[in-house]
1. Return the residue satisfying two criteria in turn: it lies in the range B:402-428 and is in contact with a His (Cβ under 6 Å, 6 or more places away or on another chain) and of a type in the set (A, V, I, L, M, F, W, C), and of such residues it is surrounded by the most Cβ atoms within 10 Å (Cβ to Cβ).
2. Given the condition of a type in the set (Gly, Ala, Ser), closer than 21 Å to B:Pro611 by Cα and either in contact with a Leu (Cβ under 8 Å, 6 or more places away or on another chain) or not assigned by TED's automatic domain parsing to the domain that holds B:Val226 (or both), answer yes or no: does some residue in the range B:69-79 qualify?
3. Away from chain B (no Cβ under 14 Å), at pLDDT below 90 and part of a helix (DSSP H, G or I): which single residue out of A:Val75, A:Val80 fits that description?
4. Can you find a residue that is hydroxyl-bearing (Ser, Thr, Tyr), in a helix (DSSP H, G or I) and buried (at least 24 other Cβ atoms within 10 Å of the Cβ) anywhere in the range B:468-478?
5. Out of (1) at pLDDT below 90; (2) in a helix (DSSP H, G or I), the odd one out for B:Thr220 is which?
6. Return the residues of the range B:190-207 that are among the β-branched types (Val, Ile, Thr) and in contact with a Cys (Cβ under 9 Å, 6 or more places away or on another chain); say none if nothing qualifies.
7. Consider A:Val27 against the criteria (1) surrounded by fewer than 19 Cβ atoms within 10 Å (Cβ to Cβ); (2) at pLDDT below 90; (3) within 13 Å of chain B (Cβ to nearest Cβ): it satisfies all of them except one. Which criterion is unmet?
8. If I ask for residues that are within 7 Å of chain B (Cβ to nearest Cβ) and farther than 18 Å from B:Leu762 by Cα, which ones from the range A:97-115 would you list?
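The values are calculated or read from the model by the stated rules, or taken from the named source; none is laboratory data. All of these numbers come straight from a predicted model, not from anything done at the bench. When we count neighbours, we look across all protein chains shown, and the Cβ atoms used for this are built from the backbone with ideal geometry, even at glycine.
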Amino acid sequence: MLSLLSEPVGLSHYLIVGAVMFVSGAVCMATKRNALGVLMGIELVLNGANVNFVAFGSDFLARNPNYGIGLDGHVIALFVIVLAAAEAAVALAIVLNFYNNHATIDVDKADELKG
Amino acid sequence: METIPTLLGAAWLLPLVSFTLILLFGPRMGKAGKAASYVAIGAIGGGFVLSLIALFQWRGIDEPYLAGEWYTLAQFDSLKLTIGYYVDTLTVVMFCMVTLIATCIHFYAVGYMHEELHDVTDHEVTLADGSHLTRPGRFHRFFQYLSLFCFSMLGIVISGNIAMTFVFWELVGICSYFLIGFYIERKSASTAANKAFIVNRVGDMGMIIGLMVLFTTLGTFNFGDVDGEPGIFSLVRPEVAHHDDHAGRDAAASPFATVALAPKADAGDQSDHHGDHTAHATRPLVVPQGMFDAAVRDRVAAGEEATAENLEAWQSSKLGYGLLVIAGLGIFCGCVGKSAQFPLHVWLPDAMEGPTPVSALVHSATMVAAGVFLVGRFYPVFTPEVLLAIAVIGCFTLFMAATIAITATDIKRVLAYSTLSQLGYMMFALGVGGWVAGMLHLITHAFFKSLLFMCSGSVIHAVHSNEMTDMGGLLKKMPITAYTMLVGCLAIIGAGIPLVIGLSGYYSKDAILAQAMLFAEQDENGLFRLMFFVAAGGAAITAFYMFRLWFMTFLGEPRDAHRYEHAHESPKVMTYPLLVLSFFAIFVATPLTSLDMTTAPLTAALDEARPADDHQARTAEDAAGATWLSIPYEHDSHTARIHTQAGLIAFGTAMGGLLLACCIYWWRLVNPREVADMFRPIYRFLLGKWWFDELYDRLFVQPTFFFSRIIAGIDKNLIDWLIDNLAAGTRWFCVGFDTWIDRLFVDGLVNWTARKIYAIGLAFRAVQTGNLRQYIVLIVVGTVALFILATFGFAG
C-alpha cells in the first residue's frame, strides 16, 4: 500500500483519486438534505468515473493492448460531461419546481411518491 | 326452325313477367290494382298470339319433335338438371288451347272479381263478436296467382325433361293451393286448399318413385334426344328397322342384349293395313339396357352368376321389365293425384271453394288436364299392364263420379264431378290405346268444361248462391248465359247427328267408345266388356246430370223469388268469353271437308303427334308366353264397322239420359223426390259421395289422429317427465358442483393467490420510503454487496 507513495504516478493513483471522488460524491448524496448538495454529489460521482475513463484511456495504457481502451475513454468522458450538464439542467428544473410547490429543497420532504 | 321453341318459350315466360310485375307493384297498379288485370291479360294474350304463330310455323316442319336445353340449372356428376323443351304437335296444340282458354278466363275474371276492387265484407265469415269480416279487396292478387298458374301450366307443357315437369307440376299444385284458398278467411276454403295440397302429395310420392327408377336405370331425365344423347323415349323404344336382327346388333354394342317385347313378326303385318305408316321404322317397347343391368346386378348380388347362359335366359324372361312397370305406375300415380282419379279424387269437388274463374281454368280445363297430358306425353314408356291399370282406374272414376253428380245440388259440384268423370274418360281412352281419342277429349273437354264453369259462375254471380235449389227459370233473365251453357251441355254429352256431324264432344266421345269397343272385342274377358258398357253407360249418366243441371237452373218456376228478382245478365266482359268458348266448344273438332272425323284439323294434328312408336298393338304375355293382354292399335278402331256401332251406342245412351232428364226435370212426368225415396239407400249412398270422405276419415284421418294422440301422450307424460327429471338432476348436480368445486376450490385457490400476492406487495411497499437519501445508501450498499458477492461468493 505504502509502495504507492514511492512509485511514480501511474494508473493506480488516478484510480485512487477517482475512487475517493466517487465515494465522496456518494456520501455527499447520502448525507446532504439540501437538493443542491445532492446534485453536487452527483457531479462528484460522475467526475470520479470520468477520471477513471480518462486514466484508462491514457497513452500509458494504450501501449498495453491488454488494458487500454485508447481514445474511447476520452470520448466516453466527454459524453459523460455532456450528459452531466443535461442532467444538471433537468435536475435543477425539478428542484425549482419543487421549491415552487413546497417552499423548500429538503429532499427528505420529497417523499410523496413513497409506497 | 329454331324459332318455334323460342316463340313458345316467350309465350311461357310472359305470364312469369306479369306475375313478377304484379307481385312487386300490384296494389299500386291503377285504382285499387285494377291495372293488374290488364297486365295479366296482356301477358296471356301475348302468349296466345305467340302460340298461334308457332302453330302456323309448325305446319312447315317435318321433324317429329324438337328437343333441346336452354339452361343447365345444376349438374351433380351424371345428374343433370336442365330447363329444356320438347316440342311436338301436342305441345303446340296444348299451348294454343291453354293460352286461348286462359285469355278468355282472364277477361271473364275481370268482371267476376270486380267486387274485390274495393273493401269486401265476407258474409260467410263470422267473427267472434258476431259481425262479418271486412277486408281489403284482393283483385291484383287474384291475377297474380292466375299468371303464376299459367306460367306453371305452360312450363309442364313445354318441359323437355321429367325433372322439370315435376318442378312445374308442384308449382301448379301450389298455385291451386293459393287459388282454392283465395277466400282464406273461410274455414271451408282453407281446409279445401289443404286437402287438395295434401292429397296431391300422396300422388307425387309415387311420381318421385317413378322418377327415381327412371333416373337410376336410364341416367337421363330428358324425353327426347338432345345433342345425340338418347332420351327416355329412345332408350325405352330404340329404333329398329323392320327386318333387322336387333338382338344381334345390340349384343355387339353392349354386354347384355336388349330384350324386345313386341312380337317382331307381327309388326310388318299390322302396319300393312295402313300404307302411310309402313315408312315408320318400328319402335317396339324394350326393357332398356339400364333396367336390365340393374336387375342383373340384383341377381348377381343374390348369389347367381352372370354366365352367358344365365344372361340369355334372363333376357328371354324379360328381366328388368318390372322396373319399367314400376316407373310407369309411379308416373301414373302422380297423374292420379293431379287429375283427381279414384282413389285420390276427393280433393277436386272441395276445390270448388275457389272463385269460379279458378274452377274454370285450374280445376277443369288445364291443371287437372296436366295429369292426362303427362300420361299422354309418357305414353311410349307405359307397358300394357300399366295401360290396363290406367284404363281400370279411369273407367271406375268415370262411373263413380258420374253417379255422384246425379244427386249433387251445388251447381259447381255437379260440374266438378262431371270433370272427374270426363277425366276418367280420358284416362280410360289412353288406357285402352286411344291416344288420339284421349288427347282429343282433353282438348274438347277443356273448351266445353271451361265454358260450363264460366256459365255457372255467371249464374252464381247473378243469384249469389251455388245451390240449384235456389235457382230456376233463369232463362228469361240471362239468355246469353243460358244458351251458351246449353251449347256446353250439348257438347259434353256428345250431341250430334249420328254419323254425320256433331259438336266437339261428339267426336271425342265417339273416338273413345270406338277404341273401348275394339279393346273389349279383342278379348273374351268379361272385365274388358264390362268396362266398355260402363263407359257407354257413363255417357247416359253424363247426359242425365248435365241436363238436370240445365233444366233446374234455367227452366221451370223460380224456386227463390227474391233471388230471381235480383238476377240479371252478366256484363259483356263476362258474356263475350262465353260466346268465344261456345264457338270453340262447337267447332274445335269439326272436320272441314268430309264427314270422316279423322280428317278434322285437330284430330289430324294429334294423330301426327302420336308417339312415333305407337303403330301396332301392345301386347303382354304371361309366364307361359301366351298373350293375355293386347292394347289395340288406335287406327284399327276407325273401321266403319266399329265406328258406326260405337257411335250409335254413344248416341243412343246419351239420348236416353237426355230423355230421362227431360221426363223428370222438364216435363215433370215423374217427381224426383219420389224417385229418390224409391231408391232411398242408393240415393243416400250417392248423396254421401260414395262415402269416400267418411271412408278416408275412418281409414286415414282418424287413425292418424288416434296415433297422434298416443304419441302426444307419450310426449307429454313420458318424454316430458324424462326431460324434466333430467333437467332437475342436472340442476342439482350443477348446484353441488358450483358450491363445492367452483366456489370452494377454484374460487378459493384464486382468492388465496390474490391474497398472498397482496401481502407480498404490502411487504415490498415498506421498502419504498420515498426518502431519496435512503435510496442512495441502499444503492451504494447493494452495489458493494454485489461486488463482494461477485468477488468472494462465486470464487470457486
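1. B:Met426
2. no
3. Step by step, each of A:Val75, A:Val80 is checked, and only A:Val75 is away from chain B (no Cβ under 14 Å), at pLDDT below 90 and part of a helix (DSSP H, G or I).
4. no
5. In the conditions (1) at pLDDT below 90; (2) in a helix (DSSP H, G or I), B:Thr220 misses (2) alone.
6. B:Val202
7. Result: A:Val27 fails condition (2) only.
8. Hits for the range A:97-115 are A:Val107, A:Asp108, A:Ala110.
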